[in-house]
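Working notes, structure below.
Taken together, the values in this text are just the output of simple stated rules run on the coordinates, not laboratory data. None of these values were measured; they are calculated from a predicted model. Cβ atoms come from the backbone with ideal geometry, glycine included; neighbour counts cover every protein chain shown.
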Number of protein chains: 2
Amino acid sequence: MRRRPGGRSARVQAAVFEATFQLLEEREYERLSMASIAERAGVHETSLYRRWKTKEQLVLDAVNHRVVQEVPVPDTGALRSDLIAVLQSLQLFLQSRVGQALFQTAGATLHLPELCALRQERWGQRRAQLQILFDRAIARGELSPQVDCQFLLEMLSGIMYMRLFVVNEPVDEMLPKRVVDLILAGQTNLIAN
Amino acid sequence: MRRRPGGRSARVQAAVFEATFQLLEEREYERLSMASIAERAGVHETSLYRRWKTKEQLVLDAVNHRVVQEVPVPDTGALRSDLIAVLQSLQLFLQSRVGQALFQTAGATLHLPELCALRQERWGQRRAQLQILFDRAIARGELSPQVDCQFLLEMLSGIMYMRLFVVNEPVDEMLPKRVVDLILAGQTNLIAN
């Protein structure tokens, strides 16, 4: 028996993810329900629950799938401009309803180890994609091979979450540049001394 | 008519906050309810609701009150060790159930402007308390007076939220030192060039 990739299961997933994104554009995360997603996607609610136990899991899955598949990894020829491009996308994304929803799943699932593990795994995938920026920079001699790239990436991204969701202060278009300049200056200074 | 500071209203608030902290040590934020807080504090649920409309608002109020009143602002004689002490407290706090609950209110109230404004205001209070660290460092000649202290504080704190709640990776006792050294090295390098 032949099993086509992109068969029924993949079509259902694509329809469910698309319905989730559409609904997140229309309403807040709080008012999203499994029933409304099933209806929009044209599938039975029970088949939704077979695959995703909660809306948190579904949103986490849908958003990470989109980020890994669709958000390009920049290649501008220099680490500084690559990282600025990454932070500019992140800043835009976290201000969108979809990005807000992803953040909201973090609070809602903090005490659900299975979903924390899923989030950890998906972040690992994205981090692996972005590792190439650092590898290229090391190859170009812009960055020391001893650098802890995961740490740098978290130092670069943390303020976006902090400002948008924790202190609720606005961000502006200069922020990605300021963040990258501070972190790269720090890295250079630490290596030099 | 005499109105004593620390009268009935202050006693009720103290009892309610204490009940909130006790319950947060015993159970997760998800299972905290206004009814359980009222019962523990020995007040009527209706009088709770007169003052706090939701459990999010109450938790936000209780935790910020405790942080502003009780978490000391370090004075170790040098900016580096002051900031390390601040991040060590933050790291411990965010791993406690009370700190986790505070984070969870952020996701739960993202679309409630009134509570976002409250969070912004309370952060402003804490930031004003911590400003003295930077003022002392500027007076000692350790830091340029042109520095944007709010930006530095957010750059220092962001990774704690990022790591504990967004990527769900563990933190270790070296993290505060690493973060402070990277940011201060960056700041020095940017000013020097």
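Quantify how strongly other chains surround peptide A:164-174 by giving the mean number of their Cβ atoms within 10 Å of each of its Cβ atoms.
Neighbouring Cβ atoms belonging to other protein chains average 5 per residue here.
If I build a Gaussian network model for chain B, linking alpha-carbon pairs within less than 10 angstrom, which residue out of B:D135, B:D172, B:D61 has the largest mean-square fluctuation?
Greatest mean-square fluctuation among the candidates belongs to B:D172.
With +1 on each Lys and Arg Cβ and -1 on each Asp and Glu Cβ, how big is the dipole of region A:25-89 about its Cα centre, in debye rounded to the nearest 20?
220
Going by alpha carbons, how many degrees (0 to 90, nearest 10) lie between the helix axis of A:175-192 and the longest principal axis of chain A?
50
Assuming a ≥ b ≥ c are the square roots of the Cα gyration tensor eigenvalues, decide whether the protein assembly as shown counts as rounded (a/c under 1.5), prolate (otherwise, with a/b larger than b/c) or oblate.
Oblate, since a/c reaches 1.5 and b/c is not below a/b.
Once the label point is placed 7 Å from Cα along Cβ, list for B:E114 the distances to the corresponding points in the other copies, in nm, shortest first.
In ascending order, 3.7 nm.
Can you list the distances in nanometres, one decimal and ascending, from the A:H65 label point to the identical position in each other copy, with the point 7 Å along Cα to Cβ?
Counterpart label points of A:H65 in the remaining copies fall at 4.6 nm.
Among A:H65, B:H44, which comes first, then next, by fewest other beta-carbon atoms within 10 Å?
Going from least to most buried by this count: B:H44, A:H65.
On full extension of the chain, what length is gained from A:R127 through A:Q146, given 0.36 nm per residue of separation minus the C-alpha to C-alpha distance?
This chain segment gains 5.1 nm when fully extended.
Treating the angle as unsigned and between 0 and 90°, give the value, to the nearest 10°, between the Cα long axis of helix B:97-108 and the longest Cα principal axis of chain B.
On a 0 to 90 degree scale, this one is about 90.
Average partner chain C-beta neighbours within 10 Å, per residue of B:179-188?
Whole-number average of other-chain Cβ neighbours for B:179-188 is 6.
Using only Cα atoms, tell me the angle between helix B:79-95 and the longest principal axis of chain B; keep it within 0 to 90° and round to the nearest 10.
Taking the Cα atoms of chain B, the angle to B:79-95 is about 40 degrees.
Put +1 on the Cβ of every Lys and Arg and -1 on every Asp and Glu Cβ in region A:55-192; which of A:Q131, A:C149, A:L87 then has its Cα farthest towards the positive end of the dipole?
A:L87
Classify chain B: rounded, prolate or oblate, from the alpha-carbon gyration tensor (a ≥ b ≥ c, eigenvalue square roots; a/c under 1.5 rounded; otherwise prolate if a/b is larger than b/c)?
Prolate, since a/c reaches 1.5 and a/b exceeds b/c.
Between copies, how far apart are the A:S9 label points? List them in nm, one decimal, shortest first, with each point 7 Å from Cα toward Cβ, please?
6.2
Before anything else, pin down the relative contact order of region A:1-51: Cα pairs under 8 Å, at least 6 apart, normalised by residue count, whole percent. Let's see the in-between values first.
On the way: 22 pairs, mean separation 16.7, N = 51.
Relative contact order of region A:1-51: 33 percent.
Pick out which of A:L182, A:L164, A:L83 has the largest mean-square fluctuation in a Gaussian network model of chain A, springs linking Cα atoms closer than 10 Å.
Greatest mean-square fluctuation among the candidates belongs to A:L182.
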